Amino acid sequence: MEIQINKAVIAIDSIITIALKWMNATPSFVRNEIMKVFYAAGPERVSHYIDEWNGEFASYYLNMDEDMRRKLFNYYAIELEPDKYTPDSDEFYMATLTTGNKFEVYPFESHIVHLFFLTAYNNSLELLKNPVTIRIQPDCS
């Protein structure tokens, strides 16, 4: 469990560093970064990815497909588990439809960052005013 927490912290921290870099940059810098990250997708797709940028990294990440996320992680040299299924394969689509746990379908790091942005994007900072207390029961055996 501790290894997974460390992997999650490293992935989230790395992506947040990139997000801050993009959010504080000029539009031309972001365009150039998108071109560098996704150049292999071809000019039409890169143009589409540039058009999708709305100035908000969380929204941009949440709307990325898994291939885009992999390219982002690879470009910035962030460790990412190998794909569990060949993208666009029948096995991949069946797993996404039948598996209740997305961690069994998508690479851990990309999915944990997705969950982080989803939680942050859909919740108010008011959550931080009332921290959750976790109580651990002593082992009475």
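Observations on the structure shown:
- Which listed residue, of Val105, Val46, is open to solvent by less than 40 Å² (accessible area, probe 1.4 Å) and modelled with pLDDT of 90 or more: Val46
- In the stretch 1-30, the residues that are more than 18 Å from His114 (Cβ to Cβ) and either buried (at least 16 other Cβ atoms within 10 Å of the Cβ) or in contact with a Ser or Thr (Cβ under 6 Å, 6 or more places away or on another chain) (or both): Val30
- Hits in the stretch 59-79 (condition: without any contact (Cβ under 8 Å) to a residue 40 or more places away in the chain, charged (D, E, K, R) and not in a loop (DSSP other than H, G, I, E, B)): Asp67, Lys71
- Residue check for Tyr121: in contact with a helix residue (DSSP H, G or I) (Cβ under 7 Å, 6 or more places away or on another chain), open to solvent by 60 Å² or more (accessible area, probe 1.4 Å) and modelled with pLDDT of 75 or more: no
- Pro82, sole failed condition from (1) open to solvent by 70 Å² or more (accessible area, probe 1.4 Å); (2) free of Cβ contacts under 8 Å to residues at least 40 places away in the same chain; (3) within 21 Å of Ile18 (Cα to Cα); (4) not in a helix (DSSP H, G or I): (3)
- The one condition in (1) in contact (Cβ under 8 Å) with a residue 60 or more places away in the chain; (2) under 12 Å from Ile15 (Cα atoms); (3) not basic (Lys, Arg) that Phe108 fails to fulfil: (2)
- Hey, Asp67 among the acidic types (Asp, Glu) and open to solvent by 90 Å² or more (accessible area, probe 1.4 Å) or not: no
- Which numbered condition Tyr61 misses (of (1) farther than 25 Å from Ser89 by Cβ; (2) of a type in the set (Ser, Thr, Tyr); (3) surrounded by 17 or more Cβ atoms within 10 Å (Cβ to Cβ)): (1)
The values are calculated or read from the model by the stated rules, or taken from the named source; none is laboratory data. This one's a predicted model, so the numbers in the text were calculated from it and none came from an experiment. FYI the Cβ positions are ideal-geometry reconstructions off the backbone, even for glycines, and counts take in every protein chain you see. Only protein heavy atoms, including side chains, enter the accessible area calculation; ligands, DNA and RNA are left aside. Shrake-Rupley method; radii C 1.70, N 1.55, O 1.52, S 1.80 Å.
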